[in-house]
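This report concerns only the one structure given below.
Just so you know, all these numbers are worked out from the coordinates, no wet-lab data involved. It should be emphasised that the depicted structure is a prediction, and the values quoted were computed from it without experimental measurement. Heads up, the Cβs are rebuilt from the backbone with ideal geometry, glycines too, and the neighbour counts pull from every protein chain shown.
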Amino acid sequence: MKSFALLILLVLLVAPEADAQLRGYPFAPRLYSWRFGVEGGVGVLGSDLTKESQDYHFRPLGNLEFTYVFHRNAAFGAFAGGGLLRSTQASLESNTDFVHGGLMLELRIPTLRGTVFPVFQLRGGVLSMRPDLREGPVTVGEPASAHWLYAAAAGVETISWRRLGIRLLFGVAYTSTDKWDLIIRGDDNDGYSWTALSMQYYFQMRR
C-alpha cells in the first residue's frame with residue numbers, strides 16, 4: 001500500500017503545470033473532462049481446470065467506463081460489464097457467465113504532445129457469477145453468487161481532436177473465490193486475464 005501511494009504521488013508530481021488547457025500538450029483532452037468508454041475483448045479463465053490442462057479458451061467480455069480526468073496524469077471513475085468464460089480438462093468442461101462493477105483509478109502519462117498516453121489502471125469491485133460444470137451428458141451448476149474483484153491493467157491510448165481515444169489494454173483480474181469451475185483444489189483463488197480494445201469519448205459538462 002505504501003509503494004502504491006508513492007507511485008501515485010510520483011506520477012502526479014511529474015506535471016506541476018496542470019492547468020485546464022494542458023499547457024504544452026495541445027492535442028490532449030482538457031483537464032476536468034469526463035470520459036465515456038466502450039470496451040470489448042476476450043478473456044481467458046485461470047481456474048483449476050485451466051491450470052491442469054493448459055488448454056486456454058478465449059471468450060468474449062466487455063465493459064462500460066465513466067471517469068473524470070482530475071489531473072493531467074490521473075483519472076478516477078467507475079466500470080461495469082461482464083462476459084462468458086470457459087475452461088476444459090479431459091472430459092470436464094466449465095462455462096461461467098459473470099457481471100461485475102466497481103471503481104477504478106487510472107494513471108496516465110501524456111507523450112507526443114498529448115496524442116499518446118501510456119495507461120495503468122487499478123480496478124476493484126463486486127462480481128456476480130453463475131458457474132456450471134459438465135462431464136459427458138451430466139451438467140451441474142450453482143445459482144449466481146457475489147464475490148470481490150481486484151484487477152490491474154496496462155496499455156496505451158491514442159487520442160485525436162482532444163475528444164476521441166482508441167486504447168488497447170492487457171489486464172489480470174483476481175477474485176475472492178475458487179469456484180469458477182466448481183472445483184476447489186488448494187488455496188489459490190480463480191481469476192482471469194483479458195485483452196481489450198476500447199473507444200473513449202472526452203467531453204466537459206456545461207457550467
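Details
- In region 126-144, residue farthest from the chain's Cα centre (by Cα) [restricted to those that are part of a strand (DSSP E or B) and hydrophobic (A, V, I, L, M, F, W, C)]: V138
- In region 152-205, the residues that are part of a strand (DSSP E or B) and of a type in the set (F, W, Y): F170, Y174, Y192, W194, Y201, Y202, F203
- A single member of L168, L107, L133, L149 is within 20 Å of Q54 (Cα to Cα) and either hydroxyl-bearing (S, T, Y) or surrounded by 14 or more Cβ atoms within 10 Å (Cβ to Cβ) (or both), and it is L133.
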